[in-house]
Amino acid sequence: MKNFTFFISILTLFVSCNSGNGNSSDSPQENGLTAGEIERPQPMSVLEAGEICMSGFDGDSINMHGVIKNTSPADSYKDVVVKVTYYSDAKKKLGNKEYTIPEVFPPHSDVRVELKVENCKDVNTIGWEVIYARVEKQIK
């Protein structure tokens with residue numbers, strides 16, 4: 001019972017700390033944050049993995065290329081991690097693997113990316129998505 005009371009106390013404290021009192025601002029702009037600072041916690045919202053093409057098989061690997069678009073108005077990103085997903089002829093997911101792209105993606109840019117990825121048995125098509133990136137620098 002003691003642990004339950006402690007849990008309720010912590011929960012009540014959390015709710016009271018996160019509820020507004022009417023005097024604080026909820027808008028990031030009103031709190032003095034710039035567009036880049038608003039985006040910083042979520043780089044995947046500004047980095048888009050565009051269409052991807054397999055340009056050939058090379059033994060145990062697949063050569064692929066595509067474009068990653070950075071729509072951020074202020075931040076450059078680097079060391080973008082993409083998740084490549086492999087699909088069969090029947091569009092069945094065969095697996096996935098993560099790869100790091102050690103390039104810089106400046107604000108408002110489309111960067112052409114070439115990547116050699118592991119070949120998966122019975123792969124027909126591949127897809128990809130950005131899952132992580134580090135902020136390189138912010139333009140103020």
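The values are calculated or read from the model by the stated rules, or taken from the named source; none is laboratory data. These numbers come from a predicted model, not from an experiment. Neighbour counts run over all protein chains shown; Cβ positions are idealised from the backbone, glycine included.
Structure summary
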read-out	value
Single condition ALA90 does not satisfy, out of (1) part of a strand (DSSP E or B); (2) loosely packed, with under 12 Cβ neighbours inside 10 Å	(1)
Any hit, the stretch 95-111, residues being closer than 18 Å to ASP58 by Cβ and of a type in the set (A, V, I, L, M)	no
Which listed residue, of SER88, SER72, SER76, is farther than 17 Å from CYS53 by Cβ, in contact (Cβ under 8 Å) with a residue 40 or more places away in the chain and hydroxyl-bearing (Ser, Thr, Tyr)	SER76
Filter result for SER45 (modelled with pLDDT under 95, under 14 Å from GLU129 (Cβ atoms), polar (S, T, N, Q) and surrounded by fewer than 15 Cβ atoms within 10 Å (Cβ to Cβ))	yes
Selection from the stretch 74-116 of residues that are of a type in the set (A, V, I, L, M, F, W, C) and within 20 Å of LEU47 (Cα to Cα)	ALA74, VAL80, VAL81, VAL82, VAL84, ILE101, VAL104, PHE105, VAL111, VAL113, LEU115
Sole exception among (1) assigned to a strand (DSSP E or B); (2) within 20 Å of the chain's Cα centre (by Cα) for MET44, by number	(1)
